[in-house]
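Engineer: Pasting a structure below so you can have a look.
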Amino acid sequence: MRQKNRNSASFISTARRAWPDGCALTACCLWSGVTEAQRSASQSALQPASTQAQGIELLWWIMLWSGVVIFLAVMALLIWALWSGRQRESPLSLTASKNLVLTAGVAIPALTLVILVGGSLFLGRSVASAPPPDAMQVRITGWMWWWEIEYLDSAGNITATTANEMHVPVGRPVAVELASGDVIHSFWVPQLQGKTDMVPGKVNSSWFVATEAGEYRGQCAEFCGLQHALMAFVVVARPEAEFDAWLAHQAEPAAAPVTAATQQGRDVFEQSCGHCHRVRGTDATGNIGPDLTHIASRRTLAAATLVNNRGHLAGWIGDPQRIKPGNAMPRSLLTPQELHNLLTYLETLE
Ligand code: HEC
Ligand SMILES: [Cu+2]
C-alpha cells in the first residue's frame, strides 16, 4: 500500500514536472496539426461572401448586441438593488416596484424574445427558401471522410465529377443537392451559407449566391466518426467566364500519358488504385474513393488535410492511415520505381 502510494506520488510529481513540456507539446501538435491547407482559406461567418451569409452575419450581430445591452441592464439593476437594499427606506413605492417588475421583467423580455425569434425565423425562411429556377445545380455526397462533387447540366446529367474542391461562379445562384453515402454529415461553408445536414436516404438542398471571388473553407459540421475533423473542403468562387473554362476542363477525360515513365505510372495506377479510384479515359473506374481525373488541378489532398504537392502525395499514398487513421484507403506496397512513376503520372492529371 505504501509502495503504491509512493508510486502514485512519484507519478504525480513526474506529471507535474512534465506538465510544461506536455503543454508545449500539445500546443505544438495543435499548431502543426493546423496544416497549411487548413489555414489557407478562411472559415468565419463574420466575413460573409454571399447574400445568404450576409443575412446570417447581420442576425449574429443583432443577437450579440441585444445580449450585451440586456446583460449590462441586468447588471445595473442588480447593483442598484444591492445598493438600495442597504438603505433604510425602500426607494420605490409598492406600485412603482410592481410596475418595474411588469415592464422590465415581463413586457421587455417578451418583446425582445418576439423580435429575436421573429428575426431568426424570418432569416431562416429566406436562407432556406427554394433556389431560383435558373440556379446552377451541384450534387454533393458526403462520405467518411470526403466530399464527392458532381456538376449537373440543366437536364440533370452529370457534366463533371470532382472531390473536396467546389468551384462556383460569382453572382450566379448555386443550388446544392446534399446526400450522404454512409452516415449523417453536414454541409457548412460559414462564409457562404449556414449548415445543412446530409442524411442517408434523403436529399436535402441549400443554395447561395457568392458575391465575391475568393476561396472559402467548408467543414463537415456533424460528428461522423474518427476523422470528422479532417473532413473539410474548399470552395473557389471566381468570375463566370473563368468558372466556365474550369468546368469545361474538368469535364474532359484525363490527359493521355506521353512518356515511358507516365505510361508505367498509369499502369501502376490501373492495377493498384483503379478498383477504388476513377480516372476518366483509363481502365481505372473504381467509385469507392474520389475521382482523380484532374487531381493535379486540386489545391488540397484528402479533404483539405494536406496541400497538394508531390511530397504530400507521396506521403499520402505511402501511408494514408498515418495521416487519417481509419480512412477507407489502405497503404499500397509499391517499389520506389513504381511510386516514382505513379507520382509523375498523377502530376500530369491537371
Ligand atoms: C480501397 C480503396 C482505395 C485504394 C485501393 C486506393 N485508394 Fe486512394 N482513396 C480512397 C479513399 C476512400 C480516399 C478518401 C480518403 C479520405 O480523405 O477520407 C482516397 C483518397 C485518395 C487521394 C486524395 C484525393 C483527394 O481528392 O483529396 C489520392 C490522391 C489517392 N487516394 C490516391 C490513391 C492512389 C495513387 C492509390 C493507389 C496506389 C490509391 N489511392 C488506392 C480509397 C482508395
Ligand atoms: Cu462528415
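Engineer: Carbon and sulfur: what percent of the chain's accessible surface (1.4 Å probe)?
Structural biologist: Whole-percent figure for carbon plus sulfur exposure: 64.
Engineer: Dipole size in debye (nearest 20) for the chain around its Cα centre, Lys and Arg Cβ +1, Asp and Glu Cβ -1?
Structural biologist: 2120
Engineer: Pull up the cross-link candidates among the aspartates and glutamates for residue 195, meaning alpha carbon to alpha carbon under 17 Å and not fewer than 8 places away within one chain.
Structural biologist: Candidates past the 8-residue exclusion: 57, 177, 222.
Engineer: Additional query: When N counts the residues of the stretch 107-204, how does its alpha-carbon radius of gyration compare numerically with 2.2 N^0.38 Å, as a ratio?
Structural biologist: Its radius of gyration relative to the 2.2 N^0.38 Å reference: 1.32.
Engineer: For the stretch 260-347, just run the numbers: alpha carbon Rg, then divide by 2.2 N^0.38 Å, N being how many residues it has.
Structural biologist: 0.99
Engineer: With every protein chain kept in place and ligands, DNA and RNA left out, what is the accessible area per residue of the stretch 51-127? Probe 1.4 Å, answer in Å².
Structural biologist: 79
Engineer: Still on this structure, please answer the following. Quick one: putting +1 on the C-beta of Lys and Arg, -1 on the C-beta of Asp and Glu, what dipole do you get for the stretch 260-347 around its Cα centre, in Debye to the nearest 20?
Structural biologist: Dipole of the stretch 260-347, to the nearest 20 debye: 320 debye.
Engineer: For the chain, modelled as a GNM with alpha-carbon contacts under 10 angstrom, which of 111, 59, 92 fluctuates the most?
Structural biologist: Fluctuation is largest for 92.
Engineer: Give the Debye-formula value of log10 I(q)/I(0) at each listed q (0.08, 0.09, 0.14 Å⁻¹), with one equal scatterer per alpha carbon of the chain, two decimals each.
Structural biologist: At q = 0.08, 0.09, 0.14 Å⁻¹ the computed log10 ratios are -0.56, -0.66, -1.13.
Engineer: Determine the principal axes of the Cα atoms in the stretch 51-127, then give the extent along each, sorted from largest to smallest and rounded to whole angstroms.
Structural biologist: 58, 20, 8
Engineer: Putting +1 on Lys and Arg Cβ atoms and -1 on Asp and Glu Cβ atoms, find which of 120, 345, 308 reaches farthest to the positive end of the dipole of the chain.
Structural biologist: 120
Engineer: A further question on this structure: If I histogram all Cα-Cα distances within the stretch 136-251 using bins 10 Å wide from 0, what percent of pairs lands in each bin?
Structural biologist: 15, 50, 30, 5
The values are calculated or read from the model by the stated rules, or taken from the named source; none is laboratory data. Everything quoted here is computed from the prediction, not taken from an experiment. Virtual Cβ from ideal backbone geometry, glycine too; neighbours counted across all protein chains shown. With ligands, DNA and RNA removed, areas are computed over all heavy atoms of the protein, side chains included. Shrake-Rupley method; radii C 1.70, N 1.55, O 1.52, S 1.80 Å.
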